[in-house]
Amino acid sequence: MLVSAKEMLTKAKAGKYAVGQFNINNLEWTKSILLTAEELKSPVILGVSEGAGKYMCGYKTVVGMVNGMLEELGITVPVALHLDHGSYEGAKACIEAGFSSIMFDGSHYPIEENVAKTKELVAICEEKGMSIEAEVGSIGGEEDGVVGAGECADPEECKMIADLGVTMLAAGIGNIHGKYPENWAGLSFETLDAVQKLTGDMPLVLHGGTGIPEDMIKKAISLGVSKINVNTECQLSFADATRKYIEAGKDQEGKGFDPRKLLAPGADAIKATVKEKMELFGSVGKA
Ligand code: 13P
């Protein structure tokens with residue numbers, strides 16, 4: 001059964017480790033992530049962007065697929081199905097469809113409007129026992145065609161949003177989605193420290209988990225980050241393994257590639273990436 005992310009993140013914050021949010025794009029990715037979490041006895045969050053939700057035939061299809069897998073694969077570790085960077089409408093659709101967690105990304109609204117919309121969604125999630133993530137300060141880079149500048153959040157605004165009763169808070173600390181540029185200034189630990197001081201026990205979320213050096217990840221966890229989002233790294237390992245398989249020409253004597261065999265190396269590559277991240281984040285054995 002899908003669970004809210006609240007309990008796993010409260011434990012992570014107290015235990016000074018982080019739970020990985022791995023974004024899913026298809027059946028193979030989802031299966032790889034769930035099997036790895038089960039093998040490593042780690043809690044896990046499956047992230048679904050609005051674009052990926054559309055691609056996978058809508059939120060109800062995603063909920064059906066994930067619930068089916070939890071049962072058929074005999075998954076016993078805590079799994080949350082979470083909308084990533086949801087719009088107000090998308091958040092409502094996922095609540096309706098049976099997700100167990102949502103992110104409402106109101107960072108592009110004026111703070112008053114972000115507060116009003118977040119408040120409304122917090123009340124709905126509370127009633128349904130779901131977790132809700134809010135964002136302050138935009139995360140840079142491109143996601144689903146939306147480009148943000150990677151600004152640092154205002155700690156006072158973070159406190160204002162945290163006080164609305166959200167489960168977890170994504171604060172921009174110079175992190176960006178996708179690969180980091182050569183001249184990237186690094187994470188602003190000063191901002192993170194200030195945010196954590198003002199928000200206390202609130203689990204903090206680090207987006208853009210791909211390509212952040214290990215020492216920075218560890219320092220971020222020590223300063224209150226208890227959820228780390230990873231997407232691009234899984235995409236890169238999946239694409240690389242698939243390309244290598246095709247280049248090796250393992251088709252069936254001119255009959256083309258067996259679709260199951262074609263996607264197997266990519267699925268294995270995702271397992272390896274997820275394992276590496278769970279070990280780095282310290283969530284192994286914490287289920
Ligand atoms: P990356 O694509 O940089 O790993 O970021 C993922 C993310 O933050 C999803 O919200």
Hey, does region 226-244 have a residue that's more than 16 Å from the ligand (Cβ to nearest atom) and among the β-branched types (V, I, T)? yes
Condition check for V284: within 16 Å of the ligand (Cβ to nearest atom), in contact (Cβ under 8 Å) with a residue 60 or more places away in the chain, aliphatic (A, V, I, L, M) and in contact with a helix residue (DSSP H, G or I) (Cβ under 8 Å, 6 or more places away or on another chain): no
Within region 64-97, track down each residue that is out of contact with any Pro (no Cβ under 8 Å at 6 or more places or on another chain), away from the ligand (no atom under 16 Å from the Cβ) and touching a residue at least 60 places away in the same chain (Cβ under 8 Å). V66, N67, L70, T76
Show the residue pairs that are 6+ apart or on different chains and have beta-carbon atoms under 6 Å apart, the first residue being within region 212-236 and without any contact (Cβ under 8 Å) to a residue 60 or more places away in the chain, the second being among the β-branched types (V, I, T). T232/T210; E233/T210; E233/T273
Please state which one of E190, E214, E182 is among the charged types (D, E, K, R), over 15 Å from the mean Cα position of the chain (by Cα) and under 22 Å from F22 (Cβ atoms). E214
With the condition kept exactly as written, say whether any residue in region 199-222 is in contact with a Pro (Cβ under 6 Å, 6 or more places away or on another chain) and outside any loop (DSSP other than H, G, I, E, B). no
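If I ask for residues that are assigned to a loop (DSSP other than H, G, I, E, B), in contact with a strand residue (DSSP E or B) (Cβ under 8 Å, 6 or more places away or on another chain) and open to solvent by 30 Å² or more (accessible area, probe 1.4 Å), which ones from region 68-86 would you list?
Here is the first cut: in region 68-86, the residues assigned to a loop (DSSP other than H, G, I, E, B) are 73-78.
Narrowing the set further to residues that are in contact with a strand residue (DSSP E or B) (Cβ under 8 Å, 6 or more places away or on another chain) leaves 77-78.
The answer is P78, and nothing else.
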If we keep just the residues of region 98-123 that are of a type in the set (S, T, N, Q) and either within 16 Å of the ligand (Cβ to nearest atom) or open to solvent by 20 Å² or more (accessible area, probe 1.4 Å) (or both), which is farthest from A12 (Cα to Cα)? S107
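More than 16 Å from the ligand (Cβ to nearest atom) and modelled with pLDDT of 95 or more: does that describe A37?
yes
When you scan region 156-165, do you find a residue that is without any contact (Cβ under 8 Å) to a residue 60 or more places away in the chain, within 21 Å of the chain's Cα centre (by Cα), crowded, with 20+ Cβ neighbours inside 10 Å and within 30 Å of S32 (Cβ to Cβ), even just one? Steps first, answer last, please.
First pass over region 156-165, keeping only residues without any contact (Cβ under 8 Å) to a residue 60 or more places away in the chain: 156-165.
This time we only want the ones that are within 21 Å of the chain's Cα centre (by Cα), so: 158, 161-162, 165.
Add one more test, that the residue is crowded, with 20+ Cβ neighbours inside 10 Å, and what stays is 158, 161-162.
With within 30 Å of S32 (Cβ to Cβ) added as a condition, the list becomes none.
Within region 156-165, none of the residues are without any contact (Cβ under 8 Å) to a residue 60 or more places away in the chain, within 21 Å of the chain's Cα centre (by Cα), crowded, with 20+ Cβ neighbours inside 10 Å and within 30 Å of S32 (Cβ to Cβ).
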Of the numbered conditions (1) under 13 Å from the mean Cα position of the chain (by Cα); (2) under 30 Å from L223 (Cβ atoms); (3) surrounded by fewer than 22 Cβ atoms within 10 Å (Cβ to Cβ), I33 fails exactly one; give the number of that condition. (3)
So for region 53-60 (the condition being at pLDDT 95 or above, open to solvent by less than 10 Å² (accessible area, probe 1.4 Å) and either hydroxyl-bearing (S, T, Y) or in contact with a helix residue (DSSP H, G or I) (Cβ under 9 Å, 6 or more places away or on another chain) (or both)), does at least one residue qualify? yes
Scanning region 200-222 residue by residue, those more than 16 Å from the ligand (Cβ to nearest atom) and crowded, with 20+ Cβ neighbours inside 10 Å turn out to be M202
Looking only at residues that are in a loop (DSSP other than H, G, I, E, B) and touching a helix residue (DSSP H, G or I) at 6+ places or on another chain (Cβ under 6 Å) in region 18-29, which one is nearest to V284 (Cα to Cα)? A18
What's the number of the only condition in (1) crowded, with 22+ Cβ neighbours inside 10 Å; (2) more than 22 Å from S138 (Cα to Cα) that L27 fails to meet? (1)
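The values are calculated or read from the model by the stated rules, or taken from the named source; none is laboratory data. All values derive from a computational prediction rather than experimental measurement. Virtual Cβ from ideal backbone geometry, glycine too; neighbours counted across all protein chains shown. The area values use the complete protein model at the heavy-atom level, side chains included, leaving out ligands, DNA and RNA. Shrake-Rupley method; radii C 1.70, N 1.55, O 1.52, S 1.80 Å.
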